[in-house]
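A.B. asks: First the structure, which I've put down as structure tokens, then a few questions once you've had a look.
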Amino acid sequence: MSFSELGLDPLILKSVLAAGYENATPVQMQAIPAALSGRDLLVSSHTGSGKTAAFLLPSIQRMLAEPTVKSMGPRVLVLTPTRELALQVEKAAMTYGKDMRRFRTACLVGGAPYGLQLKRLSQPVDVVVATPGRLIDHLERGKIDFSRLEVLVLDEADRMLDMGFVDDIKAIAARCPAERQTLLFSATLDGVVGNLARELTRDAQRIEIEAVPHKESKIEQRLLFADNMDHKNRLLDALLRDVEMVQAIVFASTKRSTEEISDLLADSGFASDALHGDMQQGQRNRALQRLREGRTRVLVATDVAARGIDVASISHVINFDLPRQAEDYVHRIGRTGRAGRTGIAVSFAGMREGGLVKNIERYTGNRIEVHTLPGLEPTQKPSSGRPASSGRPRSNGGPRGGFGEKRTFGDRSEPRSYGDRPPRGDSRDNRDRGYRADARPGGDRPARSDAPRGNRFEQAARGPSDVPRMTGDRQPRNDSYRGAPAVSAPRAEVNGNSIEYWEKREREAKAKAAATRSYGNRAPGARAAQPRGADSRGGTSRVGVRGRFKD
């Protein structure tokens with residue numbers, strides 16, 4: 001279906017045809033007429049399907065009519081997860097609205113100076129494309145007005161929720177007029193995205209497009225297994241020296257890895273650049289501009305470049321590190337083979353990353369063919385998604401793989417045989433142990449049945465025996481041993497509650513106090529030099545003892 005059959009205004013249709021677009025994609029054929037009717041939309045489509053035009057063309061056409069509210073705020077607001085995607089959407093908006101009179105746009109993203117953005121917002125603006133974080137900053141400063149907003153677009157809503165922007169999106173939507181049109185585009189409309197869609201839309205029309213990109217694009221997917229990091233570097237060098245490679249994007253998992261790989265490629269003679277989230281927006285723009293102009297042959301980037309980069313000359317996408325989310329893999333390889341072009345996507349996998357490969361294949365519904373490069377074949381065998389077995393036999397009879405040169409069960413001088421093993425009571429190891437119930441305890445120890453019964457406190461009350469207790473053939477304890485039992489005469493019974501007992505204790509205490517008047521470590525003659533009843537502090541000491549016995 002051509003764009004002329006979708007009900008677009010001739011002024012906008014002229015800009016579309018001038019941009020080189022003639023036939024609409026499936027998502028455009030369904031979303032544009034529905035959006036022109038004014039209904040809220042929930043659209044599920046894959047990357048590279050033309051969804052940017054699907055929400056921009058009907059939104060721009062609404063601006064041909066005069067606004068009902070007079071202000072300088074935007075009439076269309078587009079929220080995107082990344083800066084690169086925001087810049088791409090703004091560029092598309094300027095392309096589609098270039099024939100309109102006094103058509104202005106503004107891009108509000110992080111990493112860019114506030115001054116230029118404030119200058120754009122100080123004039124009447126029609127379309128604002130922003131990332132949620134920077135837009136919240138402008139809202140809190142009171143620099144943007146949503147009084148005449150007509151359309152709110154959430155592009156890549158699932159990605160924004162994955163990045164933790166759910167609260168920011170709700171706060172922005174709460175500042176927008178209630179009478180607005182909401183267009184939500186996402187790779188999936190289930191789970192958290194579905195809950196957010198129900199909160200922000202009213203009677204929305206649901207449009208779902210086939211979400212498997214490889215069926216429509218011409219991307220050849222390859223898988224290379226690598227033994228280690230050095231093997232990965234050699235594979236990358238060989239791929240980038242291929243004559244078929246025009247430009248490539250190499251995806252790494254961390255920001256530090258992008259810098260290290262980019263420096264390594266530059267040292268090897270490649271025209272390379274790095275792109276990650278810690279770079280200033282000006283640096284990121286210059287890196288993308290060099291890529292578009294062909295001055296950069298290899299761009300090493302994190303997942304910030306997985307969306308929003310549309311360069312026709314990108315022939316290869318190389319996943320130096322596999323993505324942790326299968327959906328990110330789809331967006332990564334979508335940087336090549338765009339708009340019917342052909343491309344090659346090569347992924348490096350470690351020997352223990354078979355599980356990640358299976359998740360990607362399950363998500364895309366297609367198996368990735370394993371390839372090798374001549375002279376760079378892997379020397380190890382990849383695991384099947386779970387830790388490889390050590391190959392250790394489960395029997396105790398054979399040698400076992402272990403740590404160092406420890407003695408194994410198979411090195412016994414007399415191998416064990418459970419079938420011919422004698423009873424435990426008669427075995428060589430248990431002949432003195434008396435394991436069986438009918439075995440006699442060894443040594444001079446009495447049998448268990450002849451031992452006196454009762455608890456240990458009752459036995460202690462009976463008094464020690466004249467003959468020291470023997471255990472087996474063990475020698476009796478030495479008298480100098482601290483725990484040896486002391487042989488003493490039996491104590492006389494004392495009634496601790498009688499009056500005579502406490503009178504005796506009081507007399508003993510007084511006699512002791514009279515004999516020893518000093519406390520501490522004083523010298524023997526120090527006390528004699530002082531008069532009786534006086535102490536060194538000039539006071540009078542009390543006669544008696546400490547505690548309960550006092551004069």
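Every number in this text was worked out from the coordinates using simple rules, so none of it is lab data. Small disclaimer: the values here were computed from a predicted structure and weren't measured. Using ideal geometry, Cβ is built from the backbone for each residue, glycine included, and neighbour counts are taken over all protein chains shown.
A.B. asks: Going by C-beta contacts inside 10 Å, put E66, E293, E220 in order with the fewest on the left.
C.D. replies: The most exposed by this proxy come first: E66, E293, E220.
A.B. asks: Take R307, R83, R367 and order them by how many other Cβ atoms sit within 10 Å, fewest up front.
C.D. replies: So the ranking, lowest neighbour count to highest, is R367, R307, R83.
A.B. asks: Please compute the net charge surrounding S262, taking Lys and Arg as +1 and Asp and Glu as -1 over other residues with Cβ under 15 Å from its Cβ.
C.D. replies: With Lys, Arg at +1 and Asp, Glu at -1, the neighbours total 0.
A.B. asks: Could I ask something else about it? Label the range 241-370 by shape, choosing from rounded, prolate and oblate, from the square roots a ≥ b ≥ c of the eigenvalues of the Cα gyration tensor; if a/c is under 1.5 it is rounded, and otherwise prolate applies when a/b is larger than b/c, oblate when it is not.
C.D. replies: Prolate.
A.B. asks: Taking a ≥ b ≥ c as the square roots of the eigenvalues of the Cα gyration tensor of the range 238-303, is the shape rounded (a/c under 1.5), prolate (a/b larger than b/c) or oblate?
C.D. replies: Note, shape of the range 238-303 comes out oblate.
A.B. asks: Projected onto the charge dipole of the range 3-208 (+1 at Lys/Arg Cβ, -1 at Asp/Glu Cβ, origin at the Cα centre), which of M29, L154, L196 gives the Cα projection farthest towards the positive end?
C.D. replies: Positive-end residue among those listed: L154.
A.B. asks: I've got another one for you. Quick one: net charge of H316's neighbours, Cβ under 11 Å, K/R +1, D/E -1?
C.D. replies: Around H316, the charge tally is 0.
A.B. asks: About its Cα centre, what dipole magnitude does the range 213-370 give when the only charges are +1 on Lys and Arg Cβ and -1 on Asp and Glu Cβ, stated in debye to the nearest 20?
C.D. replies: Charge dipole of the range 213-370: 460 debye, to the nearest 20.
A.B. asks: Which of the residue pairs K14/K70; K98/K255; K98/K143 have a Cα-Cα distance greater than 32 Å in the structure shown?
C.D. replies: Beyond 32 Å between Cα atoms: K98/K255.
A.B. asks: Ok, one more. Under 16 Å Cα-Cα from K51, which lysines qualify once same-chain neighbours fewer than 8 residues away are excluded?
C.D. replies: Hits, sequence-local ones excluded: K91.
A.B. asks: Here's another thing I want to ask about it. Note down the nm distance, to one decimal, between modelled labels 7 Å out along Cα→Cβ at R39 and at K119.
C.D. replies: About 4.4 nm, to one decimal.
A.B. asks: Next question, about the same structure. Treating only the Cβ of Lys, Arg, Asp and Glu as charged (+1, +1, -1, -1), what charge dipole size does the range 3-208 show about its Cα centre? Round to the nearest 20 debye.
C.D. replies: The dipole magnitude comes to about 780 debye.
A.B. asks: Please arrange Y363, Y501, Y21, Y329 by how many other C-beta atoms lie within 10 Å of their C-beta, fewest to most.
C.D. replies: Listing Y363, Y501, Y21, Y329 from fewest to most nearby Cβ atoms yields Y501, Y363, Y21, Y329.
A.B. asks: While we're looking at this one, here's another question. Normalised by the residues of the range 3-208, what does the relative contact order come to in percent, with Cα pairs under 8 Å and at least six apart?
C.D. replies: Once normalised by length, the contact order is 29 percent.
A.B. asks: Gain in length, K381 to E361, computed as 0.36 nm per residue apart minus the alpha-carbon separation, to one decimal in nm?
C.D. replies: Additional length available on full extension: 5.2 nm.
A.B. asks: Moving to a separate point now. All other residues with a Cβ under 12 Å from the Cβ of I136 taken together, and with Lys, Arg as +1 and Asp, Glu as -1, what is their net charge?
C.D. replies: Once all neighbours under 12 Å are counted, the net charge is +1.
A.B. asks: Quote to one decimal, in nm, the extra length available between A174 and S147 on full extension: 0.36 nm per residue of separation minus the C-alpha distance between them.
C.D. replies: 8.5 nm
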